[in-house]
Amino acid sequence: MATPRPASSTARAWRSRLGWLALLALALTALLYGRAVARYAHAATAYGARAGCSCHYIEGRPLGDCRKDFEPGMALVTLSADGQARSITARIALMTPTTATFVEGAGCQLEPWPRN
């Protein structure tokens with residue numbers, strides 16, 4: 001006659017299986033949708049950098065006030081300014097940042113996008 005395992009080891013085994021299953025689901029999601037998410041993130045940072053540059057260097061508003069110009073859904077985009085270069089960089093955590101630089105007479109210019 002087999003002796004039943006204690007409840008704690010059974011629960012631990014299930015947690016381990018669920019952990020591996022969650023990791024597998026995350027990897028599969030990244031494989032299937034990673035490229036699309038990266039492209040949306042690049043578009044969001046480009047919009048944020050351009051809007052932030054125009055707001056800060058053309059309109060003269062404080063950088064914190066420039067977030068009011070963002071579209072809905074852009075809560076993950078953060079802005080930082082480089083006063084010496086007169087540029088604004090927009091970032092989303094773990095994604096590629098985008099920079100827009102103010103050029104006198106030409107306005108805010110985005111850095112070139114990489115060709116993928």
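Solvent-accessible area per residue in the chain equals 74 Å², computed with a 1.4 angstrom probe and all protein chains kept. For the chain, relative contact order (Cα pairs under 8 Å, six or more residues apart, normalised by length) works out to 22 percent. For Gln109, the residues whose modelled amide H falls within less than 5 Å of its own, excluding neighbours fewer than 5 places apart on the same chain, are Thr101, Phe102, Val103. For the range 1-96, the Cβ-based charge dipole about the Cα centre amounts to some 540 debye (Lys, Arg positive; Asp, Glu negative; other atoms uncharged). Nonpolar atom fraction for the range 1-87, defined as the carbon and sulfur part of the 1.4 Å probe accessible area, stands at 65 percent. Other residues lying with their Cβ under 13 Å from the Cβ of Asp69 contribute a combined charge of +1, Lys and Arg counting +1, Asp and Glu -1. Each peptide in 64-72, 48-56 gets a packing score, the mean of other Cβ atoms within 10 Å over its residues, and the list from highest to lowest is 48-56, 64-72. Normalised size of the chain, defined as Cα radius of gyration per 2.2 N^0.38 Å with N residues, equals 1.69. Taking the longest Cα principal axis of the chain as reference, the axis of helix 7-53 is set at about 10 degrees.
The values are calculated or read from the model by the stated rules, or taken from the named source; none is laboratory data. Since we're looking at a predicted model, the values are computed, not measured. Because the Cβ atoms are built from the backbone with ideal geometry, glycine has one as well, and the counts that use them run over all protein chains shown. Accessible surface is based on the protein model in full, side chains and every heavy atom, while ligands, DNA and RNA are left aside. Shrake-Rupley method; radii C 1.70, N 1.55, O 1.52, S 1.80 Å.
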